[in-house]
Every structure is written in structure tokens, then in C-alpha cells.
Amino acid sequence: MKKICGYFVLIITYLNACIRGFLMRLLCKKCGKKIKVKFSVQIKGGEYISIGDNVTIGKNARLEAWDQYNQEHFTPSITLCNGVNMGNNCHIGAINSIFIGENVLMGSNIYITDHQHGKIQKAELQIKPSERIPYSKGPVLIEKNVWIGDGVVIMPNTHIGEGCVIGANAVVTKSFPPYSVIAGVPAVSIKCLE
């Protein structure tokens, strides 16, 4: 009986994954083959989101491409290339562009953004944060084969080179060359592997 129940659970899990994959194909601009989407994934602006082949999106992930906030309009883009593996509770938010290259491995509880609520100026700080106009300093580009540890925050106008390793809980506020080992708040290169 336990064996039958185990098979039943596997079949239900597989069917749920198929349904979620089908829904992603309906919601997103482009959606590749063999994607795995876990439970409770939220998509905003799917028409601006492209997902490659063999991508895994963990539980409670949020992919948000904002084309409008209050009265402001944006042209966002989020690209997850082939083989991206996104852990649970990851949040990616764009009003500009976020590009995540092939085979990037992402831990859990990661936040990647290309914008902030308003500019850091006294006049804007007197406005409620939820009413400030989103502002992008620039896109986020993460090249292929990057490993991003749990709890990492990647801020706007950053370029992470191929093969970088970003340690848990780092806050990335600037760009790094390929094969850097990155850690800290704010993140710094602690080693470059040549």
C-alpha cells in the first residue's frame, strides 16, 4: 500500500508541475522546454519575461516586470537563460533589464532588482515610499555559470562576470570581473580565480 501511495504522490506532483509549466507558457513572452516551476510562484508582466530551456523556479518565487507604476511607464525585461536554477523565495524585480545567463545557480531568499523607489534626494524622501516613482540606475547583467549563495541582494547597474561565486548574504552594489569570489556588505572581491 505504501508503494502505491508513493506512486500516486509522484504522479500528482508530476501533473502539477506540467500544469504550472503550461501556465508559464501562457503567461510569459517566451518559455523554453523542460521548465520546472514549484508552488506559489508569482508572475507580473509575463509579456516582458523570457525563460530558456531546463530552467527551475523554486517555491514562492516572484518575477515582476513592472511596465507601469502609478502614472509612470517602463519597458522592462527579465531573461532567464537555459539551465538557470532559482531557489525558493527568490524575488526578481525589473523596470529596466535583468539578464541572468546560462547555468546560473541561485540559492534561496535572493533579491535582484534594477530599480529603487525614488532617487535618494531630500525632496523625494519626504514622499511616502510607496508613492515615489521607481528609478533605475541601470540594468543587471549576470553572466553564465555564476553561483549566487543564499540571501544575496544584487542592486541596479551591476555586471557579474562569468563564473563568479557570490557568498551568502552579500549585497552586490557594483560590477565584478569574471571568476571573482565575492562576499560582504557591501560586496567586495576577496579573490579572483584566473
Tell me, what HN-Hα J-couplings in whole Hz come from the Karplus equation 6.51 cos²θ - 1.76 cosθ + 1.60 at θ = phi - 60° for each residue of the stretch 41-56, using x for Gly and Pro? 8, 10, 10, 10, x, x, 5, 10, 10, 10, 10, x, 6, 6, 9, 10
Anchor Lys174: lysines whose Cα lies under 20 Å away (excluding residues fewer than 8 positions away in-chain): Lys119, Lys137, Lys144, Lys191
222 nm [θ] for the chain, helices only, -39500 (n - 2.57) per DSSP H run of 4+, per residue, to 500? -5000 deg cm²/dmol
So what's the angle, to the nearest 10 degrees on a 0 to 90 scale, between helix 2-27 and the longest Cα principal axis of the chain? 40 degrees
How much net charge surrounds Gln126 when only the other residues with a Cβ under 15 Å from the Cβ of Gln126 are counted, with Lys and Arg +1 and Asp and Glu -1? +2
Cβ-based charge dipole, the stretch 72-194, positive-most Cα from Tyr179, Pro76, Asn157: Asn157
Among (1) 39, 20, 11; (2) 27, 20, 17; (3) 30, 22, 15, only one was calculated for this model; which label is it, if the read-out is semi-axes √(5λ) of the Cα gyration tensor in Å? (3)
For the chain, set up a Gaussian network in which alpha carbons nearer than 10 Å are linked by springs, and say which option among Lys59, Lys33, Lys144 fluctuates the most. Lys33
Sort His91, His73 by heavy-atom solvent-accessible area, probe 1.4 angstrom, most to least. His73, His91
Debye, to nearest 20: dipole size of the chain, +1 on Lys, Arg Cβ, -1 on Asp, Glu Cβ: 660 debye
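The values are calculated or read from the model by the stated rules, or taken from the named source; none is laboratory data. If you're wondering where the values come from, they're calculated on a predicted model, not measured in any experiment. Neighbour counts are summed over all protein chains in view; Cβ atoms, including those assigned to glycine, are modelled from backbone coordinates with ideal geometry. All accessible areas refer to the heavy atoms of the entire protein, side chains included, with ligands and DNA or RNA removed. Shrake-Rupley method; radii C 1.70, N 1.55, O 1.52, S 1.80 Å.
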